[in-house]
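Read through the structure below, which is laid out as structure tokens, and then see the notes.
The values are calculated or read from the model by the stated rules, or taken from the named source; none is laboratory data. Fair warning: this is a prediction, and the values are worked out from it, not measured in the lab. Here Cβ is always computed from backbone atoms with ideal geometry, including for glycine, and neighbour counts include all displayed protein chains.
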Amino acid sequence: MAPKLPPQPPLQHSNTAVADSQSHGHAAPPKGILRWLLTTNHKEIGSLYLIFSLTMFFIGGIFALVVRAELFQPGLQLVEPEFFNQMTTMHGLIMVFAAVMPAFTGLANWMIPLQIGAPDMALPRLNNFSFWLLPVAFTLLLSTLFMPGGGPNFGWTFYAPLSTTYAPPSTTFFILALHIAGISSILGAINIIATILNMRAPGMRLMDMPLFVWTWLITAFLLIAVMPVLAGVITMMLMDINFGTSFFDAAGGGDPVLFQHLFWFFGHPEVYIMILPAFGIVSAIIPTFARKPLFGYASMVYATAAIALLSFLVWAHHMFIVGLPLVAELFFMYSTMLIAVPTGVKVFNWVTTLFRGSISFESPMLFSLAFVVLFTIGGFSGLMLAIAPADFQYHDTYFVVAHFHYVLVPGAIFAIMAGVYYWLPKWTGHYPNEKLAQWHFWFSIIGVNLTFFPMHFAGLAGMPRRIPDYALQFADFNLLSSIGAFFFGASQLLFVLVVILCVRGGKKAPAKAWEGAEDLEWTVPSPAPLHTFETPPVFHRASH
Amino acid sequence: MDRREQAQVGVRRTVIRTLAVLVGMFAFAFALVPLYDVFCQITGINGKVDATAQSIVHEGVDESRYINVQFITRGSPGLPWQMSVETRQMSVHPGQMAEVDFTFTNNSHSENWGRAVPSVSPSRATTHLRKISCFCFEEQQLEGDERLTIPLVFQLARDLPEDINTITLVYTLYPVDRVIQSVSLDNALQSNTLNDSQSDLRNDLKNNKVVGETI
């Protein structure tokens, strides 16, 4: 018996508004570097964000390779333990704040106005400012590596008092850099919310928006809610270090555990900030290449909102071992497990969208399918970690490292790469070289699993994280991980090659570059002209 | 009003509202600090003990059970003191008054200020531990090479939960002068030509007892 899927009307749009949208006069942009410094165009700023993010992805990747090279075999070979700690810390900070988050903001800049039929972001000059804060912030952060005493060495979670009493003198610069990056994220989030709420094409209701727009709207609210808390925490650190207060210092009546509560109140929503837009990208790609409308659009929206709300109630599952009372352990354990329900709804909807679809396996689809499978594996190891008594054993082992790399690398980063391959025809007017992209995919998926799967076993066997040397019984797992990491890192050069080749030329792409693609961005020409939708498109909702 | 103007009004409204949320969340982060302390004090979570003297409650001694009370003392870098206790553990009945001597020794030749910060484990016992007299209520001053013995007088409440048989009291010594405590900063300052003026500042701070108990 064939299950009856509810018929989902394909979105229909008017194409007429596009043709004459180029007729308005625009002052010629300044030439050279000034054009990029002063641009207020959402497409150019989007490209800047993406290029910045890719650069930082490689810098953070090199730090990771230093770590993996040292861990290739037991004993201390290449770097001093102090430098090792700086590498693990900087790898985390750069990947979270300078690679993944700006990549999503870049995609949002490029695609949200196109997907909702807006001519630009709501606050174009603010947009320029939020981007240019980033190079400042991360130049400052990277420069701490060259300061006396070295850069941050206390892990990306910068727990006090490691990051206050025992921190290197450069910590004040780290705090300033994080403040600037945080302001950038907040301004970006305000801009995105203002754009989505006020600049949709006439007739487009909230529940007509593509899921990438929906997930970004919710992500932006998360950013508004938790980035100020991060700013508060690092301000307290700043005062503890420089002004003699004792927020986190037990000697003066403060409490280091308070730091962990405040940090994870920011930190847990932060990890969803890094995954919700990925859900949106995958929810655009899977229907396109399955040539079927997304199954359960409304439930996808509600599931995303539910995940966002729950993310505020689960922070202490990162601190099961600080000595929480039993009631708190149970509360945070159950609320964490509850997140598996809306996440399960999403995975179910993606799989059901694929069911009986007319599927083709172009590179965006391959990355999206890998996302669904590998993100689910990361979700399951997350469920294992949610079990408080089991977490007493797993806490701070490589099992945790395996878990969050599974949700971040084949999760967030694969989704970003899927999005890039999906929208490159729209950005450049050329299809990416499919053969090279497929090689990139297969190398990446082998590399990712070779790197991170053995970490599960090393962690379950008791290998602690953030150490430069380890006991002999972990040698084989670490050897595999290190080989995988170098393989994965090298294969990302293919990605750069594909992108460069695609910018320079390739098979010409039509306006609707993918057969099953339905959203508004596919109604403008490829490559998308600098100014689009100056006359708002008329959005038609097909009637049932 | 045409569409574009309408959108601009909407954008302004959205920006004002998000900025309000932003300011609210920033304030909330700081409000969490006192809220957290109040929460910990009420529930006794975290082993944070009331830092004021309590009076003895005469509620009769529950001679049917013994509670094993253990004492642990810890020093900390930056304070050249040693803290010791006359006995590592003692057995008391709930409701019974008990006294135990702690000895502070200053191993350096100069005067220092220090403070012993208590922590109780299991944290559920915290609210059932009454300290009648404790050196932990205030900062201590020791002259160079001075040795000082101070008693701790305490009483366990009779309503101590049945399943608690052992209570551990940990005292950690902290220097009161915060500038001296920051070792890494000190190292950085040593290579600094401003060394002299900095140590003057440090001496000023040392004489000022208010520093270090800001919170």
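Scoring A:Val373 on the criteria (1) within 30 Å of A:Glu521 (Cβ to Cβ); (2) in contact with a Phe, Trp or Tyr (Cβ under 7 Å, 6 or more places away or on another chain) leaves a single failure, condition (2). Scanning segment A:244-262 for residues that are surrounded by fewer than 24 Cβ atoms within 10 Å (Cβ to Cβ) and more than 9 Å from chain B (Cβ to nearest Cβ) turns up A:Pro256, A:Gln260.
Tell me, please, whether a residue that is within 13 Å of chain B (Cβ to nearest Cβ), closer than 22 Å to A:His91 by Cβ and without any contact (Cβ under 8 Å) to a residue 40 or more places away in the chain can be found in segment A:226-233. For segment A:226-233, residues within 13 Å of chain B (Cβ to nearest Cβ), closer than 22 Å to A:His91 by Cβ and without any contact (Cβ under 8 Å) to a residue 40 or more places away in the chain: present. Name the single residue that is farthest from A:Ala278 (Cα to Cα) among those in segment A:321-350 being within 14 Å of chain B (Cβ to nearest Cβ) and buried (at least 19 other Cβ atoms within 10 Å of the Cβ). Checking each candidate, the answer is A:Leu324. Only one entry of B:Gln140, B:Gln82 meets the criterion of being in the same structural domain as B:Leu173 (by TED's automatic domain parsing) and surrounded by 17 or more Cβ atoms within 10 Å (Cβ to Cβ), and that entry is B:Gln140.
Given the options A:Ala390, A:Ala402, A:Ala412, name the one that is free of Cβ contacts under 8 Å to residues at least 24 places away in the same chain and either in the same structural domain as A:Glu515 (by TED's automatic domain parsing) or within 18 Å of A:Thr288 (Cα to Cα) (or both). Sole residue among the options that is free of Cβ contacts under 8 Å to residues at least 24 places away in the same chain and either in the same structural domain as A:Glu515 (by TED's automatic domain parsing) or within 18 Å of A:Thr288 (Cα to Cα) (or both): A:Ala390. Hey, among the residues in segment B:117-136 that are outside any strand (DSSP E or B) and touching a Phe, Trp or Tyr at 6+ places or on another chain (Cβ under 8 Å), which one's nearest to the other protein chains (Cβ to nearest Cβ)? Top of the filtered list is B:Cys136. Picking from A:Thr215, A:Thr157, A:Thr195, which residue would you name as being more than 10 Å from every other protein chain (Cβ to nearest Cβ) and touching a Pro at 6+ places or on another chain (Cβ under 7 Å)? One residue alone meets the criteria, A:Thr215. For segment A:493-503, does any single residue satisfy the condition of being modelled with pLDDT of 95 or more, of a type outside the set (A, V, I, L, M) and either crowded, with 21+ Cβ neighbours inside 10 Å or part of a helix (DSSP H, G or I) (or both)? Yes.
Of everything in segment A:161-192, what is within 30 Å of B:Ala7 (Cα to Cα), touching a residue at least 60 places away in the same chain (Cβ under 8 Å), away from chain B (no Cβ under 11 Å) and of a type outside the set (Ser, Thr, Tyr)? Give them in sequence order.
Initial filter on segment A:161-192 (within 30 Å of B:Ala7 (Cα to Cα)): A:180-192.
Those still in the list that are touching a residue at least 60 places away in the same chain (Cβ under 8 Å) too: A:181, A:185, A:187-188, A:190-192.
When the remaining residues are screened for being away from chain B (no Cβ under 11 Å), the result is A:181, A:185, A:188.
Passing the criteria: A:Ala181, A:Gly188.
Of the candidates B:Ala7, B:Ala53, B:Ala20, the single residue that is closer than 30 Å to A:Thr245 by Cβ and within 14 Å of chain A (Cβ to nearest Cβ) is B:Ala20.
Taking the stated definitions as given, is A:Thr165 of a type in the set (Ser, Thr, Tyr), farther than 21 Å from A:Met87 by Cβ and either outside the structural domain of A:Val233 (by TED's automatic domain parsing) or not in a helix (DSSP H, G or I) (or both)? When the stated conditions are applied, A:Thr165 passes them.
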